[in-house]
1. Given a Förster distance of 35 angstrom, what is the FRET efficiency for Asp67 paired with Arg118, based on the Cβ-Cβ distance and rounded to 0.05?
2. By average Cβ neighbour count within 10 Å, what is the ranking of 257-266, 216-225, 235-244, 104-113 from highest down?
3. Would you pull out the residues with amide H under 5 Å of Arg25's amide H, same chain only if 5 or more places away, H placed 1.01 Å from N?
4. Check which residues have an amide H placed less than 5 Å from Phe60's amide H, if you skip close sequence neighbours.
5. Mind giving me the FRET efficiency for Asp46 and Val276? R0 is 35 Å, r the Cβ-Cβ distance, nearest 0.05 is fine.
6. Sequence-distant or interchain residues sharing an amide H contact under 5 Å with Arg3, placed H: which?
7. Let me check against my output: what whole-number percent is the relative contact order of the range 132-222, with C-alpha pairs under 8 Å and at least 6 apart?
8. Kindly write out, for the range 211-222 in residue order, the coupling ³J(HN,Hα) from the Karplus curve 6.51 cos²θ - 1.76 cosθ + 1.60 (θ = phi - 60°), rounded to whole Hz, with x marking Gly and Pro.
Amino acid sequence: MARIGVDFGGTQIKAGLVDERVVVRSAVRNTRDAAGPSDVLDLVADAIRELTSTPESVGFAIPGEVDGNGRCWRLPNVPGFEGVAVADELSRRVGCRVVVENDATVAALAEMVYGHGRQYASFAMLTLGTGVGGGLVLNHQLWRGTHGFAGELGHLPIDRQQGWPCACGLLGCLESYAGTKGLLATYRELGGGEATTILELANATRAGSAAGRQTFERMGWALAVVISGIQNVLDLDAFVFTGGVSASFDLIEPALRATLGKVAFAPPLAAVPLLVSELGAAAGQIGAALLPTL
Ligand SMILES: [Zn+2]
């Protein structure tokens, strides 16, 4: 029997036939080939059928939020998903049980089972990319919250009055400081010029750009503000970072550590381990395949 994990990204939909922590085979579709929710679900079902005609179960990680029955609250990248019964619709197409979950929460699940979560019972996951997502694991259990919104760490407030507009409609969320768009805008504002990718920004910083260094310092400061708040509430064992920007974590960590030392309520809260995930790009598929086993 075949367990399937599907990762719905901004550019690709990746379905994987998963055995424990190994993606045995993948089927990939272009997200842009889908015009709306029904197209997306057809593409996902098509990719799954390429892998097997008899899936045992399907886990589906989406860049949005769902309730406990797999009905979508919000999926900003693709208009029209609000209110769609994603789990039921996909289940009807592929003929097996489907469990749907937020992609950052799925990353936390993969980390809990196969990554740093084996060593740390309670941790927060931060996915650093175009957006900033989050997931929470408390005492070896995924914490979804009452309605499925737990761990939306990217939209914790840094500055609700003077901050930049966030994709969610509010001002000054963490994401507007630590997401790709915010970082590139900060770099421009500080006189660094036009960088188009985080890799370019990181390379300029490593080559000595003061604007680049200050950009990553500001990100570290914003992360510290949020992490200290989370620590005051939950007193976790660790924070784990993943996503494209986490490859530049060495540029972020010094300012993050320094600020955390100043703003955390007590020294043990500031001394929390800050770790980068080692699971790699397949974590979404691997974590998604775990969803029906919870
Ligand atoms: Zn926001």
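Just so you know, all these numbers are worked out from the coordinates, no wet-lab data involved. In this text the structure is predicted, and so the values were computed from the model without any measurement. Cβ: placed from backbone, ideal geometry, glycine included. Neighbour counts: every protein chain shown.
1. E(calc), rounded to 0.05, equals 0.75.
2. Going from most to least packed, we get 104-113, 216-225, 235-244, 257-266.
3. For Arg25, whose amide H was placed from the backbone, the distant partners under 5 Å are Leu17.
4. Distant-sequence amide H within range of Phe60: Val6, Val99, Val100, Glu101.
5. The computed FRET efficiency comes out at 0.55.
6. The answer is Val18, Glu56.
7. Over the range 132-222, the number comes to 18 percent.
8. Each residue of the range 211-222 in turn: 4, x, 4, 5, 4, 5, 5, 5, 5, x, 4, 5 Hz.
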